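For reference, the structure is listed below as structure tokens.
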Amino acid sequence: MDLRNYHHVLAFALLILSSGSCGKQSEREGDSGGFPADRLIRVSAEVTPATKGTYSTETLNEFDLFIKSGNSKYSYTNTKFTKNEAGEWEPARQMLWAGKNVGFEYLAVAPPLQTGGHSLSDDPICEFTVESEQTKGSCASDLLWAGFKNLTPEENLTQDGKMKIEFTHALTLLKVRLTLSTEFNHGGVPTDNPIKDVVIGGFDRKVTLTPSDDNLPKLNAAGDAGSISAYELEWKRAVDEAGNDDRTKNCVVTYECIVVPKMMSAFTVDFICNGKPYTYKATGSFPFMCGNSYLLPLTVGKDEVILSGEIAATPWEAGNGEGENIETD
């Protein structure tokens, strides 16, 4: 074969291969609106904001996705998505878009539900229960959710054809800050936290999700009130600026737990300090709201525990205990 003709044939072959490769890439990514030509539902998920001790984008490894399509054939009950080793989200079954202009609504929840077959048309859609014993390393009580109505894929997919899911916290974070009076320093500043077995009482532990006209379903507290064992978040010894023990200062320990959001008129905090039982009963008006963090400041003496400020509410991500106060008696 003439060398010039060989070069022409080789160039033509490479052109065909290149065209085929581009075609496959185009088929996956879809047109300029990001709608995938294969119509496969792909997602990109993150937790906003990330919070210490609970879910973050890095620790989120699975969730359930509900989709209700304008074409019922393409509606899906809760389907589990799992993050693979490459960081891509894989569904438990194939899910397809009805079309780039077909309206839909969705709800995503984490952790995934223990049972399948739940639909956005159900009332209630599903239920969730917070743990009675919560630990710092567990995300099992941190219910995340994300959802919207009246969407079309063409308007809401990214350029690489993925539906972006931004999770937020559905429940309420309650922190109890216990400040030890200087009485506890008389024999020397405590080396370790003397407060144990902090239990929050009076909150419902179960919540149901029911349909709503808003973008997310409604939360409804359900079941009987119970108790929740909180976990130690932070222990601070009474020290001076140089880090030396200072008997004139206070040791402080903070416990936290996740509770079901609800308007409360009373709840209790029980704990053991140096082997002695203490109980504080909060009474008043407590509009615990989803997605918020609340700080209850208490001072512990040798014989009593008292409120040392007002309960402060902040967005969950702040976590600094400063913000709008709610009433107590």
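Readers should treat all values here as calculations from the given coordinates under stated rules, not as data from a laboratory. Note that the structure is predicted; figures quoted are calculated from it, not measured. With ideal geometry, Cβ positions are generated from the backbone for all residues, glycine too; neighbour counts draw on all protein chains shown.
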* Distant-in-sequence amide H partners of L233 (H built 1.01 Å from N, under 5 Å) -> T254, Y255, E256
* Structure fact -> Listed with the fewest Cβ neighbours within 10 Å leading, W235, W145, W97 appear as W235, W145, W97
* Sorted by Cβ neighbour density within 10 Å, fewest at the top, the residues R177, R247, R93 -> R93, R247, R177
* Calculate, axis by axis, the spread of Cα positions in the stretch 35-103 along the three principal axes, and write the results as whole Å, longest axis first. => 41, 22, 19
* Arranged by the count of other C-beta atoms within 10 angstrom, fewest first, what order do K68, K236, K249 take? -> K236, K249, K68
* Could you name the lysines whose alpha carbon sits less than 21 Å from that of K80, not counting residues in the same chain fewer than 8 places away? => K68, K149, K162, K164
* Asked: Any idea which of W97, H118, T59 is furthest toward the positive side of the dipole for the stretch 35-169, if Lys and Arg beta-carbons carry +1 and Asp and Glu beta-carbons -1?
  -> W97
* Asked: Hey, which lysines would be in cross-link range of K249, C-alpha to C-alpha under 18 Å, not counting anything within fewer than 8 residues on its own chain?
  -> K236, K302
* In terms of modelled amide H atoms, which long-range or inter-chain residues lie less than 5 Å from the amide H of A45? -> I165
* Asked: Which value, to two decimals, describes the C-alpha radius of gyration of the stretch 35-169 once divided by 2.2 N^0.38 Å?
  -> 1.05
* Which whole-number percent is the relative contact order of the stretch 35-169 (Cα, under 8 Å, 6+ apart)? -> 33
* Structure fact -> Semi-axes a, b, c in Å (a largest) for the stretch 172-326, each sqrt of 5 times a Cα gyration tensor eigenvalue, come to 32, 16, 12
* Between Q94 and N215, what is the spin-label point distance in nm, taking each point 7 Å from the Cα along the Cα→C-beta axis? -> 3.2
* Asked: What residues qualify as long-range amide H neighbours of M264, i.e. H under 5 Å apart, gap of 5 or more or another chain, H built at 1.01 Å from N?
  -> F286, F288
